Amino acid sequence: MKKFLREILLYLTCLYVAGTFIIYILLKTAPERFLGYYSDFVMWDFQKKVIASPEKIGRNIIIGDSRAMADINPAIMGHSFTNLAIAGASTYEGYLTLKKILQSKKIDTLIVSYGAYHYTVSDNFHDMSLPYNFPTITQLSDLESVENKFGITIDNTPPSTLRILNRRFIYYHIPINNFRATFVRNLFQRKIDPYTASMSANSGHVLFGKKDSSNELSQEIVQTASTKSFSKNPVLILYLDSTIKLAKKNHICVLMVPPPLNYATYKALEKTQYLTEYNSFLSSFKNQGPAVSLIYLCPYLPASFFGDRSHLNARGSNYFSNLLKKELEKSNDLRK
Amino acid sequence: MLFNSFEFLVFLPIVFLLYWFVFNKKLSWQNLLILAASYFFYGWWSWKFLLLLILSTLLDYLYGFGVASENKKKSKLFLWLSIINNLGILGIFKYYNFFAAEFEHGFDLVGMHFDPVFIQVALPVGISFYTFHGLSYVFDIYRGLRKPVISLLDYAVFVCFFPLLVAGPIERANHLLPQVQSKRKFNYAQAVEGSRLILWGMFKKVVIADSLSKNVDEIFKNYQHHNAISLIVGAIAFSFQIYCDFSGYSDIAIGTAKLLGFELLSNFNFPYFSRDIAEFWRRWHISLTSWFRDYLYIPLGGSKKGKLITVRNVFIVFLISGFWHGANWNFIVWGGIHACAFLPLLLLNKNRKHVNTIVAAERNLPTIKELAQMIITFGFVTFAWIFFRMHNFSDSLGYIKRIMLNCIQPGQFGLSPRDMPV
């Protein structure tokens, strides 16, 4: 027994140390390859660099998730608009984006656009935001204080010391309990960067869905399979409120622009508790004072406007952006 | 709790050390620890469904005594009670919504309206496995192959032994119970073999299966946008994914059991080296196929009651075997496809051609004939996997149609833009 224990411990220790060391070195030398999907990393890295260079940013910014990236085209909105939404981001990253920019730049208008799903969970926090070091370590600690206060994390799990420790491992790229999946997967992955050229040319706008039409049901439907209600994550809502407060404090006009669903998803959600509660949540922005406006252009669009289950295609994006521009011009909120 | 999880990495060493250093003084202590660990292992997923597991265990334990009665009527009654109980649990949790939906469709077809009540309940993990453990126990008692276990603890360990609980192998009472009822002594070679199996299983599951799954998911989800080569490669990749996933899990289960001094039934024996479908089914998910053979095929008459009955029995077994995998017509079709390939071999008495031979026996490489046989068998199995993998029949046909039409579309294996998160 002692011989077995000795040998197995030695073997596993050597295997683990060697593996950890190799993965750590590779993560440090080629993060774009091993920290996540190559296309994710380059996209987040690009946005981080843009946010860090405020001279490249217009006076009107868009924050949100990938739906905002796809749906709102600054080229149509006007040259003063920059789309700083990031695929996979939640209201937490949106808040950090605004906070960072305001350190060195004045903003006139803030368009906030998240899919309903991203008010309920940040499912990419550990896969993208953390390993790509989007928040600073201090900001991460602040987030954890908020999570402890609410008793729930940003990705809807109970807060615990183990999770905090795991987050530090992810943040510092220590592959103790993480990165093996991305590492192994990315060993066989070719480098793909389909987004940064478009982001650079179109001020952050990207088309994800390439189909001519999509009636596939979106994440909201998957979510309603397990929960009937629109269960807002209190941490994410706090950061949304903080974003609005920060904007108000800096005399920024806040426009809440919910992205449209495809028709099939909308029909599936119609008359459900989920949609009723979501609409009620959106309506609450009408009562937040003159500096905050809800611009609910359309709850849904036809399938032919969608390139995949969640994102508008070129036709849809042009239509939606034009619609938004007209609405802003009507309400004289457009800042040139 | 999954085998490839951080929790299991902590759980297993603790159980191992307690088992061999603290609880090894007495057999009953060893079994008590295994039972507690098994309930903890299962309860980690859901404490509510743990109650179902305990209830199922208790009922089959009691039914065992009834089945062992010398009164044939009473024995048969308790046997049927056990069958109804186990299949009832399975039916409610796994198949109720399927049948309710099919009834609704059936009524719609004849112009009548039927509004079934669908139950919103999660499928209890391992239900297909522990119910079969219970059934095999009462069947063996009924056939006189064994006597009922007196100790509830021993029986509970047999049903709930945690390495087997989630994904098998499906053990037999006559194989596992004697081991449960004997004190286990630490064996160095067995422990080393167990550790090796666990590591190998983890490698197959985590490195190969999980890596393949992303690209396989992409290809199967968006098959309309891939060319024939990508689709064929995707199907082959799925063949390896499902093998590595399932056999990896089995290896971890068998390896874990070895660490605790148990020898479990082998579940996979290089199935993709099979030279025909009959051999494939002797090498793939061995514990399940032998279970169906012993408890369904043979009681139905096997192949001993004429060709017509044989055909019927083969179809019943394969269709039910397919249905066991999931409540979906695709699984039934998958079983049916295999039945169609197996039947000719059985009817021509060629199904046992390769029972006593192995590929490349006394050679370094297989012969050309063996290679061709393996390739054909693998090709057929891969074709059938398409039905297993797809969510519905029309998509399965669409996938195959696309391969056959050999349409050239943009997008190649592994290079299609990922379906981005919101």
**OP:** Please state which of the following conditions A:Ile176 fails to meet, knowing it meets all the rest: (1) in contact with a Ser or Thr (Cβ under 9 Å, 6 or more places away or on another chain); (2) touching a residue at least 40 places away in the same chain (Cβ under 8 Å); (3) closer than 30 Å to A:Ala201 by Cβ; (4) within 14 Å of another protein chain (Cβ to nearest Cβ).
**Re:** (3)
Original post:
Restricting the search to region B:51-92, which residues are out of contact with any Phe, Trp or Tyr (no Cβ under 9 Å at 6 or more places or on another chain) and of a type outside the set (A, V, I, L, M)?
Top reply: B:Glu70, B:Asn71, B:Lys72, B:Lys73, B:Lys74, B:Trp80, B:Gly88
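Residue by residue, here is whether (1) touching a residue at least 40 places away in the same chain (Cβ under 8 Å); (2) part of a loop (DSSP other than H, G, I, E, B); (3) touching a Leu at 6+ places or on another chain (Cβ under 9 Å) holds:
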| site | (1), (2), (3) |
| --- | --- |
| A:Ala70 | yes, no, yes |
| A:Ile76 | yes, no, yes |
| A:Thr82 | yes, no, no |
| A:Ile86 | yes, yes, no |
| A:Tyr95 | yes, no, yes |
| A:Lys99 | yes, no, yes |
| A:Ser104 | yes, yes, no |
| A:Ile107 | yes, yes, yes |
| A:Leu110 | yes, no, yes |
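Please tell me if B:Leu176 is closer than 30 Å to A:Glu216 by Cα, touching a residue at least 12 places away in the same chain (Cβ under 8 Å) and crowded, with 19+ Cβ neighbours inside 10 Å. Spell out how you get there, then give the answer.
Working: closer than 30 Å to A:Glu216 by Cα: no; touching a residue at least 12 places away in the same chain (Cβ under 8 Å): yes; crowded, with 19+ Cβ neighbours inside 10 Å: yes.
No: the conditions fail for B:Leu176.
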Original post:
Within region B:353-378, can you find the residues that are surrounded by fewer than 17 Cβ atoms within 10 Å (Cβ to Cβ), closer than 23 Å to B:Val314 by Cα and touching a helix residue (DSSP H, G or I) at 6+ places or on another chain (Cβ under 9 Å)?
Top reply: B:Lys353, B:Val355
Original post:
Taking region B:275-306 as the search range and keeping residues that are open to solvent by less than 30 Å² (accessible area, probe 1.4 Å) and more than 19 Å from the chain's Cα centre (by Cα), which one is nearest to B:Trp385 (Cα to Cα)?
Top reply: B:Asp276
Subject >> Only listed residue being within 14 Å of another protein chain (Cβ to nearest Cβ) and under 30 Å from B:Thr57 (Cβ atoms), chosen from B:Leu153, B:Leu197, B:Leu165 >> reply: B:Leu197
Original post:
Within the set of pairs 6 or more residues apart or between chains, which connect a residue that is closer than 30 Å to B:Ala167 by Cβ inside region B:108-127 to a residue that is aliphatic (A, V, I, L, M) with Cβ atoms less than 7 Å apart?
Top reply: B:Phe118/B:Ala100; B:Pro124/B:Leu52; B:Val125/B:Val166; B:Gly126/B:Leu165; B:Gly126/B:Val166; B:Ile127/B:Ile89; B:Ile127/B:Leu90
**OP:** Please indicate, with yes or no, whether at least one residue in region A:21-35 is acidic (Asp, Glu) and either within 12 Å of chain B (Cβ to nearest Cβ) or free of Cβ contacts under 8 Å to residues at least 40 places away in the same chain (or both).
**Re:** no
Subject >> Scan of region B:216-273 for residues that are acidic (Asp, Glu) and either open to solvent by less than 10 Å² (accessible area, probe 1.4 Å) or under 20 Å from the mean Cα position of the chain (by Cα) (or both), ordered by number >> reply: B:Asp245, B:Asp251, B:Glu263
Original post:
If B:Ser182 passes every condition in (1) open to solvent by less than 20 Å² (accessible area, probe 1.4 Å); (2) closer than 22 Å to B:Val22 by Cα; (3) away from every other protein chain (no Cβ under 13 Å) but one, which one does it miss?
Top reply: (1)
**OP:** Identify the residue in region A:141-162 that is of a type outside the set (Phe, Trp, Tyr), surrounded by fewer than 18 Cβ atoms within 10 Å (Cβ to Cβ) and part of a helix (DSSP H, G or I) and, among all such residues, is modelled with the lowest pLDDT.
**Re:** A:Leu162
**OP:** Report yes if some residue within region A:187-195 is touching a His at 6+ places or on another chain (Cβ under 8 Å) and either under 23 Å from A:Tyr37 (Cα atoms) or at pLDDT 90 or above (or both); otherwise report no.
**Re:** no
**OP:** Please give the number of the condition B:Lys94 fails out of (1) at pLDDT 90 or above; (2) over 21 Å from B:Ile141 (Cα atoms).
**Re:** (1)
Subject >> Filter result (part of a helix (DSSP H, G or I) and open to solvent by 70 Å² or more (accessible area, probe 1.4 Å)) within region A:208-257 >> reply: A:Val222, A:Ala225, A:Ser226, A:Lys245, A:Lys248, A:Lys249
Subject >> Pick from region B:337-352, criterion touching a residue at least 12 places away in the same chain (Cβ under 8 Å) and more than 25 Å from the chain's Cα centre (by Cα), ranking: least open to solvent (accessible area, probe 1.4 Å) >> reply: B:Leu347
Original post:
What number of residues within region B:1-40 are surrounded by 17 or more Cβ atoms within 10 Å (Cβ to Cβ) and within 21 Å of B:Arg184 (Cα to Cα)?
Top reply: 17
Original post:
Which condition does A:Arg315 not pass, out of (1) in contact with a helix residue (DSSP H, G or I) (Cβ under 8 Å, 6 or more places away or on another chain); (2) open to solvent by less than 50 Å² (accessible area, probe 1.4 Å), if it passes all the others?
Top reply: (2)
Subject >> Conditions (1) within 13 Å of chain B (Cβ to nearest Cβ); (2) farther than 18 Å from A:Gln223 by Cβ; (3) of a type in the set (A, V, I, L, M); number of the one not met by A:Ala116 >> reply: (2)
Subject >> Conditions (1) open to solvent by 10 Å² or more (accessible area, probe 1.4 Å); (2) within 14 Å of chain B (Cβ to nearest Cβ); (3) among the hydroxyl-bearing types (Ser, Thr, Tyr): number failed by A:Ser104 >> reply: (2)
**OP:** Restrict the check to region A:37-53 and report whether at least one residue is among the hydroxyl-bearing types (Ser, Thr, Tyr) and in contact with an Asp or Glu (Cβ under 7 Å, 6 or more places away or on another chain).
**Re:** yes
Original post:
Among the residues of region A:285-305, which ones are within 23 Å of the chain's Cα centre (by Cα) and open to solvent by 50 Å² or more (accessible area, probe 1.4 Å)?
Top reply: A:Tyr296, A:Tyr300
Original post:
Here is a list of conditions, (1) touching a residue at least 12 places away in the same chain (Cβ under 8 Å); (2) open to solvent by less than 90 Å² (accessible area, probe 1.4 Å); (3) at negative phi, and B:Trp44 meets all of them except one; can you say which number that is?
Top reply: (2)
Subject >> Residue list for region B:204-223, restricted to those being more than 10 Å from every other protein chain (Cβ to nearest Cβ), of a type outside the set (D, E, K, R) and closer than 24 Å to A:Tyr16 by Cα >> reply: B:Ala209
Original post:
Restricting attention to region A:55-70, which residues are more than 11 Å from chain B (Cβ to nearest Cβ) and open to solvent by less than 20 Å² (accessible area, probe 1.4 Å)?
Top reply: A:Ile57, A:Gly58, A:Asn60, A:Ile61, A:Ile62, A:Ile63
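In the list A:Thr272, A:Thr265, A:Thr276, which residue meets the criterion of being modelled with pLDDT of 90 or more, over 22 Å from A:Met69 (Cβ atoms) and among the polar types (S, T, N, Q)?
A:Thr276 is the lone residue from the list that is modelled with pLDDT of 90 or more, over 22 Å from A:Met69 (Cβ atoms) and among the polar types (S, T, N, Q).
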**OP:** Kindly state which helices (runs of 4 or more DSSP H) lie completely within region B:53-149 and contain at least 3 residues that are closer than 25 Å to B:Met1 by Cα.
**Re:** B:72-90, B:127-142
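The values are calculated or read from the model by the stated rules, or taken from the named source; none is laboratory data. As the structure is a prediction and not an experimental result, all values here were calculated from the model. Every residue, glycine among them, receives a Cβ derived from its backbone with ideal geometry; neighbour counts consider all protein chains shown. Please note that ligands, DNA and RNA were not included when accessible areas were found on the heavy atoms of the full protein model with its side chains. Shrake-Rupley method; radii C 1.70, N 1.55, O 1.52, S 1.80 Å.
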